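These notes concern the structure reproduced below.
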Amino acid sequence: MSDWATFAGLTGVVLVLLLALSHLTSTAFTDSDADADTRTPSDESPTPTRESTTASTASDPDVLADGSVDDELPADPGRVVEHGHDRDLDRGGSHSLRSLSTGELLANVAFSQGLFATILLAAAVYTEIPPADLGIAFTRAYLTTGAVVGTALGVGLYVANELGAASAKRLGIDHSEQLRELLAPDSPGGWAALLGVALPTVAIFEEFLFRAALIGALSAGFDVSPWLLAIVSSIAFALGHGMQGPAGIAVTGLLGLVLAIAFVVTGSVLVVIVAHYLVNALEFVVHEGLGLEWTETTGS
């Protein structure tokens, strides 16, 4: 017999953890931006001249007699060199989020989202939630519908998402693209990891949580209107993307609502997983891969 109360409780725990992690990430980037904005020229180390470098060799233990710098210690105690890149250290000695490489950020995203997805899936199996109530089926028609309808929905939502973000930008509403820029790969291997691992993991987890669990399972187990749950889940979905700024939250909330409606109408979590993946993948490929900003040339 399905244990709906236990599954609902575990779903709530995962949701709270996700929102808390999103808030901490957003705060970390905000604090990093504030520190950069308040840094004064006096905080920067002056560019050494040939004369000053020569004069300092006798008193600076990091400078060798031949004028080269000792690689064992960083010339600036506030910075370290890792994999050929300078990285700022926080006051506590730990790396800021901005100091992580693209590969490290992708691994972080894939691990955290994958862990949450595993916990939620294990909870569904443990509490014996029927797959059908989660929008899951094992038929050829289900797979075909998921691929065709999901692709059409994903492309349409990508276009609408771009137009919405562009309109908000013209109105002066903040829409941050920091996370997308930081996650953008700079190598074929990085693109393979992004498109083949990180983005599918994000799409699977978020759709399983916000649509399959919060709408499908809760409406079936507690006789709550799926349309009411669609609104609630879309608000939670928007709050989970607070790092994108006010415009990003609004656009993401509307995106989540359309995905929720699609889930209720089709009864398929595969449809919304495919659509969600395509929205994210097209954003990265078009903006970061091809460098196109096509919405800037549309409208007035």
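Every read-out reported here was derived from the displayed coordinates using simple, explicitly stated rules and does not represent laboratory data. None of the values given here were measured: they were computed from a predicted structure. Don't worry about glycine lacking a Cβ; one is built from the backbone with ideal geometry, like all the others, and counts go over all protein chains shown.
Key figures for this structure:
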| quantity | calculated |
| --- | --- |
| Directionally averaged projected area (convex hull, Cα atoms, the range 239-300), nm² | 5.5 nm² |
| Spacing of the two label points (7 Å from each Cα toward its C-beta) at Leu254 and Phe138, in nm | 4.1 nm |
| Ala20 versus Trp227: modelled label distance in nm, points set 7 Å from Cα along the beta carbon direction | 3.6 nm |
| Spherically averaged projected area of the range 186-247 from its Cα convex hull (nm²) | 5.4 nm² |
| Cα Rg over Rh - the range 172-300, Kirkwood | 1.01 |
| Residue exposure sequence - Asp3, Asp223, Asp186 - by fewest surrounding Cβ within 10 Å | Asp223, Asp186, Asp3 |
| Relative contact order [Cα under 8 Å, 6+ residues apart], the range 145-300, whole percent | 41 percent |
| Label point distance in nm, Ala192-Glu293, each placed 7 Å from Cα along Cα→Cβ | 3.2 nm |
